[in-house]
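The structure under discussion appears below in the form of C-alpha cells.
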Amino acid sequence: MEASETDAPAAETAATLSDSGVSSSNLKFRSWKLTGTPGGSDWAKRSAARAMLRAVGFEDEDFGKPIVTVACPHTSATPCNAHLADLGNILVDAVTERGGKPFVFGTPVISDGETMGMEGMRYSLVSRDLIADCIEMMHEGYSADGLLTLGGCDKSIPGALMPIARNNSIGVMLYGGTILPGHLHSEPLTVVSSFEAIGSYGAGKIGMERLLEVEKHACPGSGSCGGMYTANTMASVIEALGMSVPYSSSHPAVDTSNNISAKKRLDCIESVNALFTCLERGIRARDIMTRPAFENAITVMMALGGSTNAVLHLLALAHEAQVALSIDDFNRVAARVPLIGDFKPFGKYVMEDLDNIGGVPMVMKTLLDAGLLHGDCLTVTGKTIAENLKYVGSRPANQDVIFALDDPYAPPLKHVIVMRGNLAPDGAVIKLSGKNVPEHRGPARVFNSEEEALDAVLANQINKGDVLVIRYEGPRGGPGMREMLSPSAALVGAGLGKDVALITDGRFSGGTHGIMIGHMSPEAAVGGPIALVNEGDIITIHPYEQTINLEVADDVLAQRRAAWVPPPLRYPTGVLAKYARCVTSASLGAVTH
C-alpha cells in the first residue's frame with residue numbers, strides 16, 4: 001500500500017535512515033519507545049518528543065540510531081572525579097563516531113577522603129545506592145539501548161555498575177583511573193600518608209611544617225587514591241568480573257601535566273567498542289556477572305591485597321545480579337588464594353607500579369595458569385577471560401610488586417578474613433595483609449562515635465593492648481556506615497597500629513591497616529552484641545580461628561540486653577532518615593532494596 005500524503009514525512013525520514021547505513025534492527029532495540037518508528041503507527045504519537053530532541057541536536061537520521069546513556073559522575077570537589085567530564089566528552093565523541101546518540105548526565109559524588117571524620121562521611125555509602133538509582137532513572141526513563149558508566153571515587157564505582165546488573169542492561173563500566181603518586185624528598189606519598197601524618201603530629205613525632213609538606217605533596221593531580229585502596233580494588237575486581245575492558249583498572253587518569261593520559265583515552269575508545277559488541281551480540285550484564293565471575297573477582301581481590309570494602313560492594317553487586325553470594329564465600333575462596341601484591345597501605349607500591357609491569361591482566365594470567373580462575377567466563381569484549389588473556393605475559397621476573405604464587409607475600413587466609421563469634425554472630429571482616437596476628441586479647445575502650453574515639457587517640461588516652469570499640473556507626477545506626485580511617489590512621493601514626501585493635505560496626509577505608517575489624521553484624525543500632533559491650537570488658541580476637549568473642553557470661557549479656565534501649569534515629573528527616581529505614585545489614589552488602 002502506498003504511503004498517504006500525511007505519511008510522507010515519516011517515509012522521507014525512514015529513507016534517510018536507510019541511506020545512513022545504521023542498522024537499527026539489532027542496536028536500537030528499545031529506544032523506538034522514545035523516538036517512534038519511522039513509518040510505524042507510533043511515529044505521529046512521538047512527534048512532541050522528537051521536537052524536543054531536535055532542540056538538542058537531533059537530525060532526521062539520528063532517530064534511527066541507538067541511544068546510549070553516558071553516566072558521568074563529575075565534580076570539581078575531588079581529584080577522583082574532577083577529570084570525568086573530560087572522559088565523558090571522549091566517550092560521547094566515540095559513541096557518535098560509532099553511530100550512536102549519547103545522552104550524557106551527572107550523578108552526586110561524595111569524597112570519602114575529604115569527608116572522613118566528619119558528618120558528611122555519613123553520605124558516602126548512601127551515595128553508592130543513590131548513584132545507582134540516578135543511573136537507573138536516566139537509562140530506563142529514556143528507554144536507552146546501551147549504557148556506559150564512569151566511576152572515580154570509591155562509591156561511584158560500585159554505584160556505576162549496580163544499575164547495569166539491576167536491570168540486566170547492556171552496559172560497560174569504565175574506571176576514571178588512578179592518581180599518580182606524590183613525592184616528598186623522593187619519598188612516594190598517597191592521601192593516606194597525610195592521614196597518618198595527622199597521627200604522627202598528634203603523637204609529637206613530627207611538627208606542623210612536616211605535616212604541611214605532606215599535605216601539599218600527597219595528591220599531585222586528578223585520579224583516585226593511588227594504593228590498593230577501595231577505588232583501585234573495586235576497579236580491579238570489576239575488570240576481573242568481566243564488566244570493564246582489560247587493562248583499564250590500572251591505567252593512570254592523567255599524565256604528569258594533569259592532562260588525560262593516552263592510556264585512559266584508549267580505555268574510552270575500547271569501552272565504547274565493547275559496548276557496541278555487546279549491543280550487536282545481545283550480551284547483557286547477567287550473561288557476564290555469574291557466580292564463577294564473582295569468584296574470579298574475589299580471587300583477584302585476595303591476590304592483590306584489596307580493601308575490605310570489596311566484601312560489602314561485591315555482596316551488593318551480586319544482589320543486583322541475582323547471584324547467590326554470601327559473606328562466607330569470601331573465606332571459601334580465600335582459602336586457596338595467596339596474597340601476592342605488595343601494595344600500600346600495607347606494602348610499598350601503588351597502582352602505577354602494577355600498570356608498569358602488565359596491570360591486572362598479568363595478575364589474572366598468573367592466576368589462570370595456576371588454575372585459580374574460571375577462564376570460561378564471558379566479558380564485555382565478547383570474549384572469555386581465557387581468550388582475553390591468551391597473549392598476555394605471565395608475572396615478569398626481577399620485580400617485587402607481584403610475588404610468585406609459590407613464594408607469596410603471605411599464604412592463603414592471611415589477608416581479608418570473615419570472622420564470627422558471640423560479638424559478631426552474623427559476621428565481621430578483618431584485613432590482615434599478611435601480618436602475623438595469632439591473637440589479640442585486651443580491654444574494651446568503648447566509644448559511641450568516630451569523633452569520640454579520634455579525640456581519645458589524639459589525647460594519648462589509648463594504651464597498648466586496648467581494643468577500641470566504635471559503635472552506632474553501622475549502616476542504620478550511623479547512618480551510612482562511616483569509614484574509620486581517621487582513628488585507625490591516627491593509631492598507626494602514633495605507633496600503636498600493631499598493639500591496639502579497633503572493632504566497629506562501621507567500615508574501614510581501603511587505606512586502613514593494623515588490627516582493624518569492621519562490618520560487625522548485627523550492628524549496635526539493631527541491638528547487636530557490640531551494643532552490649534561495657535568499658536573494660538575483655539575481647540578476644542583469633543584471626544586464624546576466624547573468631548571474635550566477648551568474655552562476658554551469657555547471663556550477664558542477657559541482663560544487658562534486657563536493659564538496652566534502641567537509640568532514636570540520629571536524623572529524623574532527609575535522605576539519611578530514608579536510608580536508615582530501608583538499609584539492610586552489612587553482612588548482606590548494606591543494600592537498600
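The values are calculated or read from the model by the stated rules, or taken from the named source; none is laboratory data. This is a predicted model, so every value here is computed, not measured. Positions of Cβ are generated from backbone atoms using ideal geometry, with glycine treated the same way; all protein chains shown enter the neighbour counts. Heavy atoms of the whole protein, side chains included, go into the accessibility calculation; ligands, DNA and RNA do not. Shrake-Rupley method; radii C 1.70, N 1.55, O 1.52, S 1.80 Å.
Hey, L34 hits all of (1) over 22 Å from G176 (Cα atoms); (2) aliphatic (A, V, I, L, M); (3) surrounded by fewer than 16 Cβ atoms within 10 Å (Cβ to Cβ); (4) modelled with pLDDT of 95 or more but one; which does it fall short on?
(3)
Could you tell me whether the range 238-260 includes any residue that is closer than 27 Å to L378 by Cα, part of a helix (DSSP H, G or I) and of a type in the set (S, T, Y)?
no
For the range 487-513, name all the residues that are without any contact (Cβ under 8 Å) to a residue 60 or more places away in the chain, in contact with a helix residue (DSSP H, G or I) (Cβ under 7 Å, 6 or more places away or on another chain) and either open to solvent by 10 Å² or more (accessible area, probe 1.4 Å) or assigned to a strand (DSSP E or B) (or both).
G497, L502
With the checklist (1) within 27 Å of the chain's Cα centre (by Cα); (2) modelled with pLDDT of 95 or more; (3) under 19 Å from F447 (Cα atoms) in hand, flag the one item V575 doesn't pass.
(3)
Does the range 317-340 hold any residues that are of a type in the set (V, I, T), touching a strand residue (DSSP E or B) at 6+ places or on another chain (Cβ under 9 Å) and under 15 Å from V300 (Cβ atoms), and which are they?
I340
Counting only residues that are surrounded by fewer than 16 Cβ atoms within 10 Å (Cβ to Cβ) and more than 28 Å from the chain's Cα centre (by Cα), how many does the range 535-549 have?
4
Suppose we filter A285, A262 for residues that are modelled with pLDDT of 95 or more and buried (at least 24 other Cβ atoms within 10 Å of the Cβ); which single one remains?
That would be A285, the only listed residue that is modelled with pLDDT of 95 or more and buried (at least 24 other Cβ atoms within 10 Å of the Cβ).
Residues of the range 386-415 being of a type in the set (A, V, I, L, M, F, W, C) and either part of a helix (DSSP H, G or I) or open to solvent by 40 Å² or more (accessible area, probe 1.4 Å) (or both), which ones?
Within the range 386-415, A386, A397, F403, L405, L413 meet the criteria.
Just one of the numbered conditions (1) part of a helix (DSSP H, G or I); (2) open to solvent by less than 10 Å² (accessible area, probe 1.4 Å); (3) closer than 21 Å to G159 by Cα is not true of H319; which one?
(2)
Evaluate the range 523-546: report whether one residue or more is of a type in the set (S, T, N, Q), modelled with pLDDT of 95 or more and under 18 Å from R122 (Cβ atoms).
No, the range 523-546 has no match at all.
Just checking, how many residues over the range 37-50 are under 22 Å from T69 (Cβ atoms) and open to solvent by 60 Å² or more (accessible area, probe 1.4 Å)?
Selection size over the range 37-50: 2.
L84 fails exactly one of the following numbered conditions: (1) open to solvent by 70 Å² or more (accessible area, probe 1.4 Å); (2) of a type outside the set (K, R); (3) out of contact with any helix residue (DSSP H, G or I) (no Cβ under 7 Å at 6 or more places or on another chain). What is the number of that condition?
The number of the failed condition is (1).
Looking only at the range 51-76, filter to residues that are without any contact (Cβ under 8 Å) to a residue 24 or more places away in the chain and hydrophobic (A, V, I, L, M, F, W, C); which one of those is most open to solvent (accessible area, probe 1.4 Å)?
Here is the first cut: in the range 51-76, the residues without any contact (Cβ under 8 Å) to a residue 24 or more places away in the chain are 51-57, 59, 76.
Those still in the list that are hydrophobic (A, V, I, L, M, F, W, C) too: 51-53, 55-56.
Values: A51: 61, M52: 142, L53: 19, A55: 87, V56: 109 Å².
Out of the qualifying residues, it is M52.
Quick one: would you say D86 is acidic (D, E), over 30 Å from S486 (Cβ atoms) and either touching a strand residue (DSSP E or B) at 6+ places or on another chain (Cβ under 8 Å) or at pLDDT below 95 (or both)?
Yes, satisfied.
Mind telling me which of the residues G113, G177, G100, G120 ends up being closer than 30 Å to F346 by Cα and in contact with a Pro (Cβ under 6 Å, 6 or more places away or on another chain)?
When all the criteria are applied, what remains is G177.
Scan (1) closer than 29 Å to L325 by Cα; (2) without any contact (Cβ under 8 Å) to a residue 40 or more places away in the chain; (3) surrounded by fewer than 24 Cβ atoms within 10 Å (Cβ to Cβ) for the single condition I470 breaks and write down its number.
(3)
Report, by residue number, each residue of the range 517-556 that is part of a strand (DSSP E or B), in contact with a helix residue (DSSP H, G or I) (Cβ under 7 Å, 6 or more places away or on another chain) and within 12 Å of V469 (Cβ to Cβ).
Across the range 517-556, the qualifying residues are M520, L550.
Residue by residue through the range 205-231, note down the ones that are part of a loop (DSSP other than H, G, I, E, B), open to solvent by 60 Å² or more (accessible area, probe 1.4 Å) and either in contact with a Pro (Cβ under 7 Å, 6 or more places away or on another chain) or more than 27 Å from S250 (Cα to Cα) (or both).
Looking only at the range 205-231, we keep the residues that are part of a loop (DSSP other than H, G, I, E, B), and these are 205-207, 218-223, 225-229.
The next check asks that each one be open to solvent by 60 Å² or more (accessible area, probe 1.4 Å); those that pass are 205, 219-220.
Of everything in the range 205-231, those that are part of a loop (DSSP other than H, G, I, E, B), open to solvent by 60 Å² or more (accessible area, probe 1.4 Å) and either in contact with a Pro (Cβ under 7 Å, 6 or more places away or on another chain) or more than 27 Å from S250 (Cα to Cα) (or both) turn out to be K205, C219.
Cβ-Cβ under 9 Å, sequence separation 6+ or interchain: first residue in the range 367-384 and surrounded by fewer than 16 Cβ atoms within 10 Å (Cβ to Cβ), partner at pLDDT below 95 and assigned to a loop (DSSP other than H, G, I, E, B). Which pairs?
These pairs meet every condition: D369/S394.
Can you tell me which of (1) surrounded by fewer than 22 Cβ atoms within 10 Å (Cβ to Cβ); (2) under 18 Å from I157 (Cβ atoms) is the one T107 doesn't meet?
(1)
Failed condition for G478, given (1) touching an Asp or Glu at 6+ places or on another chain (Cβ under 7 Å); (2) assigned to a loop (DSSP other than H, G, I, E, B), with all others met?
It is condition (1) that G478 fails.
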